[in-house]
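The block underneath contains the structure these notes are about, expressed in structure tokens.
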Number of protein chains: 2
Amino acid sequence: MLQIFILYSLLQPLHWKRLKASLIFELQEVAGHKAGKGKLGPLVDDSGCFYKPYQCDDRGSKEVAFYTSFSSNTKIPDHIRRFFPVFYGTKLVEASDGSGLSPHIVLQDLVSNRNNPSIMDIKIGARTWYPQASDDYIERCFQKDRETTTSLLGFRISGLQIYENKESGFWKPVKKLVQAFNVEDVRLVLRKFVSSNSPTDSNSVPDCSFAPSVYGGSSGILAQLLELKEWFEVQTIYNLNSCSVLMVYEKESLLKGTSPGAEIKLVDFAHVIEGTGIIDHNFLGGLCSLIKIISEILTGPDEHTNKACLQDMEKNSVIDNGTNK
Amino acid sequence: MLQIFILYSLLQPLHWKRLKASLIFELQEVAGHKAGKGKLGPLVDDSGCFYKPYQCDDRGSKEVAFYTSFSSNTKIPDHIRRFFPVFYGTKLVEASDGSGLSPHIVLQDLVSNRNNPSIMDIKIGARTWYPQASDDYIERCFQKDRETTTSLLGFRISGLQIYENKESGFWKPVKKLVQAFNVEDVRLVLRKFVSSNSPTDSNSVPDCSFAPSVYGGSSGILAQLLELKEWFEVQTIYNLNSCSVLMVYEKESLLKGTSPGAEIKLVDFAHVIEGTGIIDHNFLGGLCSLIKIISEILTGPDEHTNKACLQDMEKNSVIDNGTNK
């Protein structure tokens with residue numbers, strides 16, 4: 001494998017410049033890809049490329065296979081393709097820890113043109129395993145899915161950074177805290193993400209004042225998620241297991257009165273499998289759950305209906321824990 | 001509990017007639033509710049009522065709680081309510097095995113006005129368990145979901161009867177066979193369900209000649225499933241765990257040139273829980289998977305796209321069994 005990479009690398013023009021651990025490195029930390037404990041970190045260059053260390057287990061080859069297939073597939077509509085990072089191939093570059101040349105997947109740097117972006121990484125699906133995986137892998141995913149909001153909500157937040165201001169910088173909760181989010185935390189964080197008041201101030205209710213500009217509108221995040229949903233209702237080519245939706249925007253642009261550049265991107269394709277003619281109902285269901293919650297931030301939930309119904313249910317029922325079946 | 005039922009029963013006018021094990025009994029057999037092994041069977045009367053034995057574990061109370069809540073909920077749109085059986089309360093009636101008075105849930109007899117209906121019972125969802133259930137229950141469901149098409153396809157066929165003609169009567173595969181259906185069997189059976197050639201003739205390809213009349217059209221099964229889907233995208237009141245969609249139509253009417261009376265009904269609410277503001281992403285995902293497959297029977301799949309993409313994937317990939325993560 002290394003030989004292939006060296007050959008590939010030699011064939012590439014050496015046009016790229018100083019590599020630096022920059023903003024995108026922060027993004028990857030958000031997404032749980034932080035370098036450390038013997039793991040290499042991702043890198044970026046000045047020309048808008050992102051270098052993701054090639055994982056030498058199955059994951060690297062799976063991800064390259066996906067990107068190769070996806071980028072050459074002429075049947076992917078352009079309005080869907082824009083939600084995926086551009087793929088530039090693979091390359092041997094000096095690793096982030098200085099240990100020498102190491103294979104990397106070369107992708108579009110999603111935030112190279114951004115100033116202080118707020119970013120949320122949302123792993124979509126009520127399960128992160130898939131039936132074709134090994135029992136051991138399924139067992140591990142199954143446990144984690146039940147410990148997080150994945151099973152209940154159909155998705156979980158994997159990481160986030162919310163830009164506050166020049167003085168405070170970003171609110172970026174540690175991984176352990178993010179992993180412990182329950183359903184109410186997730187709802188709250190999705191509101192904090194688009195609020196002008198400080199995300200760390202537990203005494204103030206998030207005002208959601210940026211929601212119309214970031215989530216709403218004809219080109220906002222909700223509109224993009226709905227476009228994606230429409231595609232997932234029919235596409236049977238890929239099952240995007242353990243894949244994330246990134247939501248990105250810039251608060252500073254918004255405060256200046258220019259477009260916040262709200263957009264979604266799909267990332268992490270190390271567990272993609274063929275759809276074999278079946279839609280990705282797991283991704284689709286989770287995506288619809290996210291869409292519903294974001295819609296409610298924009299329009300408010302139908303509290304009355306739900307509350308009346310639930311009270312009615314409670315009068316007539318106890319929680320079924322399935323012990324008697 | 002029995003006392004409540006005796007009281008309830010005495011208060012009801014005793015207007016109903018001879019109970020008989022009739023067509024609906026067959027339907028329940030289809031749906032896996034056959035009497036036997038100490039289990040009571042359902043009953044019907046001549047006035048269009050269906051008597052489902054009240055399960056004295058949690059399931060009976062859960063199902064009654066659901067029907068009570070649902071039938072009094074004025075926020076359920078009429079075009080959705082029609083997909084659910086009408087609920088008439090509970091009643092003590094002579095059990096199917098002649099063992100004396102026993103509590104029953106009284107529902108609309110869904111096929112009382114049908115002649116030789118073809119029926120399919122499809123349990124919707126990529127999981128039949130739910131996070132709030134006991135570990136033991138989850139484990140049992142989880143295993144069965146992986147053994148059947150539930151995990152892969154987002155639904156499984158629980159039972160079916162397809163009417164052939166006066167001579168042959170119904171094709172009604174035994175439960176063991178139905179439980180062993182793989183994804184290709186499910187696709188095939190969904191085609192056989194709307195074909196004029198014999199479902200038992202393994203040499204002939206199902207002609208799907210009834211598909212336009214049964215699945216298609218503005219009031220056909222696909223249109224009804226799409227209405228249901230639209231509701232599931234927004235309703236957060238109920239999570240319909242382990243619930244089935246019944247598809248029903250009459251071949252004889254169709255051959256006579258009259259309407260086949262194609263309709264869907266939702267049944268089995270013993271594991272319904274409150275939605276607590278979260279959509280039923282599990283039901284929705286499975287429903288979308290069924291919708292896609294039925295759409296393809298009507299319009300044909302985009303074979304070219306899928307095949308080209310898959311060949312491309314295969315060239316670049318091996319099956320990921322997750323062993324290396």
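Before moving on, here are some points about what is shown:
- Contact map, segment A:137-156: residues that are more than 8 Å from chain B (Cβ to nearest Cβ) paired with residues that are among the hydroxyl-bearing types (Ser, Thr, Tyr) and assigned to a helix (DSSP H, G or I), Cβ distance under 7 Å, separation 6+ or inter-chain. Pairs shown: A:Asp145/A:Ser151; A:Phe155/A:Ser289; A:Arg156/A:Thr150.
- Screening segment A:123-136 for residues that are under 23 Å from A:Pro53 (Cβ atoms) and modelled with pLDDT of 95 or more and picking the one that is nearest to the other protein chains (Cβ to nearest Cβ) gives A:Thr128.
- Residue check, A:Leu222 crowded, with 19+ Cβ neighbours inside 10 Å and in contact with a strand residue (DSSP E or B) (Cβ under 6 Å, 6 or more places away or on another chain): no
Here is a yes/no grid of residues against (1) outside any strand (DSSP E or B); (2) open to solvent by 30 Å² or more (accessible area, probe 1.4 Å):
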{"position": "A:Leu177", "(1), (2)": "yes, yes"}
{"position": "A:Asp185", "(1), (2)": "yes, yes"}
{"position": "A:Ser198", "(1), (2)": "yes, yes"}
{"position": "A:Cys208", "(1), (2)": "yes, no"}
{"position": "A:Pro212", "(1), (2)": "yes, yes"}
{"position": "A:Gly257", "(1), (2)": "yes, yes"}
{"position": "A:Leu266", "(1), (2)": "no, no"}
{"position": "A:Phe269", "(1), (2)": "yes, no"}
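- Scanning segment A:245-274 for residues that are over 14 Å from A:Leu160 (Cα atoms) and of a type in the set (Asp, Glu) turns up A:Glu252, A:Glu263, A:Asp268, A:Glu274.
- The set of residues in segment B:220-252 being part of a loop (DSSP other than H, G, I, E, B) and either modelled with pLDDT under 95 or among the aliphatic types (A, V, I, L, M) (or both) consists of B:Val234, B:Ile237.
- Scanning segment B:56-93 for residues that are facing chain A (nearest Cβ under 7 Å), surrounded by fewer than 16 Cβ atoms within 10 Å (Cβ to Cβ) and either outside any loop (DSSP other than H, G, I, E, B) or modelled with pLDDT of 95 or more (or both) yields a single hit, B:Ser72.
- Cβ pairs under 6 Å, 6+ apart, first in segment B:264-290 and more than 9 Å from chain A (Cβ to nearest Cβ), second open to solvent by 10 Å² or more (accessible area, probe 1.4 Å) and at pLDDT below 95: B:Lys265/B:Leu110
The values are calculated or read from the model by the stated rules, or taken from the named source; none is laboratory data. Small disclaimer: the values here were computed from a predicted structure and weren't measured. Don't worry about glycine lacking a Cβ; one is built from the backbone with ideal geometry, like all the others, and counts go over all protein chains shown. These accessible areas exclude ligands, DNA and RNA; they are computed on the full protein's heavy atoms, side chains included. Shrake-Rupley method; radii C 1.70, N 1.55, O 1.52, S 1.80 Å.
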